[in-house]
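Right, one structure below, let's go through it.
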């Protein structure tokens, strides 16, 4: 279940500024995902690159997965280490939860596990 605009503003800040910071995409859903992904594509890294980063800084929690989005099933998982509760920001009709999701990621993409190949 999504959160109200009033609650969003209370917890995150100005909604208009937030949307401007996200290329005027207020809700990332099946209709807007292509535009959103086009905007963030330049920040893409492979699981191999993440694995190398983690090898250079073992135990660095910043490299562990924190969000998992399944657009087909309309599911959003958060295991974000900070007090942000992203799972409360899901679009209407989506299920958002705060729980570990690492088993949902195919083994060959689990860059945080040694000898994953």
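The values are calculated or read from the model by the stated rules, or taken from the named source; none is laboratory data. Keep in mind that this is a model prediction, so the values were computed, not measured. Please note: Cβ atoms are built from the backbone with ideal geometry, for glycine as well, and neighbour counts cover all protein chains shown.
Matching residues to (1) modelled with pLDDT of 75 or more; (2) over 19 Å from residue 100 (Cα atoms); (3) not in a loop (DSSP other than H, G, I, E, B):
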residue	(1), (2), (3)
2	no, yes, no
6	no, yes, yes
29	yes, yes, no
40	yes, yes, yes
62	yes, no, yes
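Within the stretch 58-79, which residues are surrounded by fewer than 14 Cβ atoms within 10 Å (Cβ to Cβ), over 18 Å from residue 36 (Cβ atoms) and touching a helix residue (DSSP H, G or I) at 6+ places or on another chain (Cβ under 7 Å)? The one that is surrounded by fewer than 14 Cβ atoms within 10 Å (Cβ to Cβ), over 18 Å from residue 36 (Cβ atoms) and touching a helix residue (DSSP H, G or I) at 6+ places or on another chain (Cβ under 7 Å): 60.
Mind counting the residues in the stretch 102-112 that are exposed (fewer than 14 other Cβ atoms within 10 Å of the Cβ) and over 26 Å from residue 31 (Cβ atoms)?
Of the residues in the stretch 102-112, the ones exposed (fewer than 14 other Cβ atoms within 10 Å of the Cβ) are 102-104, 106-108.
Filter again for over 26 Å from residue 31 (Cβ atoms), leaving 102-103, 106-108.
Residues flagged as exposed (fewer than 14 other Cβ atoms within 10 Å of the Cβ) and over 26 Å from residue 31 (Cβ atoms) within the stretch 102-112 amount to 5.
When the stretch 82-101 is filtered for residues that are part of a strand (DSSP E or B) and buried (at least 16 other Cβ atoms within 10 Å of the Cβ), only 96 remains.
Within the stretch 49-61, residues that are within 21 Å of residue 82 (Cα to Cα) sit with their Cβ atoms under 7 Å from residues that are assigned to a loop (DSSP other than H, G, I, E, B), at 6+ positions apart or across chains, in these pairs: 50/111; 54/60; 54/111; 54/112; 61/81. Taken over the stretch 36-55, residues that are within 21 Å of residue 74 (Cα to Cα) and surrounded by 14 or more Cβ atoms within 10 Å (Cβ to Cβ) amount to 1. Of all residues in the stretch 68-88, those satisfying the criterion of being in contact with a strand residue (DSSP E or B) (Cβ under 9 Å, 6 or more places away or on another chain) and modelled with pLDDT of 90 or more are 68, 69, 70, 73, 74, 75, 76, 77, 78, 79.
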